[in-house]
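Below is one structure, written out as structure tokens; the observations come after it.
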């Protein structure tokens, strides 16, 4: 083994060892790592496979360059956000210009560049070591035996993935309202032949897991392109009703996990929305529901004409209100503190891509270490200063998404005890009910402040501006004797969401009839199906086949059946509300068993 001490050989061995240890970097930050021994085992098998396939390091070392280049970003994300590179981060990297990256990173950009230069030098030095040494060449027959074994293992793994994909695909088709596949499912492998890890776990390894993440990103881009293709030719034929008196700015704020009865402007005892309560031009909507308690399914209904009862189906052939405003001459902005790519996010981001300017600003996703919604204030201010005479600005917030205590800065930790400072609280632990509820209310208090900042910026100039806020869904919070929490249940607390419209004095003077109708309909039975039509109407935009009977700002508003996805499609206004969980049950459906 003395040959390992030769400089070139030692350089390579240490380089590959350090690269393999990257997934364990969180341990140095005091954070846990899931399955560290499994990650180490996968790295060993991956290195053996690469060596067996290519024979000598010089033949595969150049393939490691992407992992070297991604290393600074991986360490940065672990340090600041507690997670490695995901498809969302790859999307941001692909779509962010160097100028935007420098602006976002601020002074840290020079540190990042210095690290990147050092990493490139490291790769070049280790590549030179790989070129000059032949000590690590794999020349004997064992290479072919190992290669054959690995290929057989890869075949078994591929078969196992295919066998398990059938039931999963049918489940996803069922969720999307499609019939199950007619293909015959492959029989599962016996336990002894099943691989000891999943491909998702391999994606967390380094450096070879980077390839899997890249493939996931590619698949998401293809999926996104397919969704875009379905609606590419669609046009509303929209135009401004009177270009001389068009509103200057229309703002749409998409809330997250906000619950109607936890806002004090809606009657909650705690003062969770004191700043919004001071706004004389704010119209709080008292009875607006969402049809589905999941972001990826509810947001498309909010921003497009997608019917509620099609919300479980994949894609939509029409575009969103972004395109209607663009056709009418508005410059459109999508500013998001959520994520752009991933199983639950692409159906939303396909609509975001309709905007003239798109910014996804949250590098932390939904993890504890994510940006606060105030990260949107600076780009919002830039959008207001844009020279375009008419602007539509959409802000997609992180709102009150779990972990609630990580959605607001310490200065908003008003109600205690809270979950602030608690490491990895278990969401389903009923023992933390007081802390969980206090943290949730604190997150609403922060949302109140954030929304007040947006309104303040709109007031700073004499604009004819209107803003609308709607949450995508609510939350269940161990209510009474209810043992449920979070969302995805069939509960009234998740369907009934807070919503309001605000208008500037200039807008009120220019469109007094729309303001009067907003106030008149504040207690009307509404749903997220009303939002698209209301926002376009607030912009005073007309188009063939418009549905003013769905606009809250129109005298033509008419009631419609409000369906929610609760034990099948249920007429919300003709349903039973059961127990402390407030389950919404169709009157023709047998009561579910007690939980």
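Peptide packing: for 375-383, 250-258, 327-335, 58-66, the average count of neighbouring Cβ atoms within 10 Å per residue gives the ranking 250-258, 327-335, 375-383, 58-66, highest mean first. Across region 246-586, the relative contact order, built from alpha-carbon pairs under 8 Å that are at least six residues apart, equals 28 percent. The packing ranking, built from the mean of other Cβ atoms within 10 Å per residue, places the peptides 465-471, 450-456, 13-19 in the order 465-471, 450-456, 13-19, highest first. Reducing region 366-410 and region 11-89 to their Cα centroids gives an inter-centroid distance of 32 Å. Taking packing as the residue-averaged number of other Cβ atoms within 10 angstrom, the listed peptides 509-521, 398-410, 426-438 run from highest to lowest as 398-410, 509-521, 426-438.
Rounded, prolate or oblate: which fits region 430-576 when a ≥ b ≥ c are the square roots of the eigenvalues of the alpha-carbon gyration tensor, with rounded for a/c under 1.5 and prolate only if a/b beats b/c? Judged from the Cα gyration tensor, region 430-576 comes out oblate (a/c at least 1.5, b/c at or above a/b).
Among 413, 356, the order by Cβ neighbours within 10 angstrom, fewest to most, reads 356, 413.
Each reported figure results from applying straightforward, stated rules to the coordinates on display, with no laboratory input. Note that the structure is a prediction, hence the values are computed from the model and not measured. Positions of Cβ are generated from backbone atoms using ideal geometry, with glycine treated the same way; all protein chains shown enter the neighbour counts.
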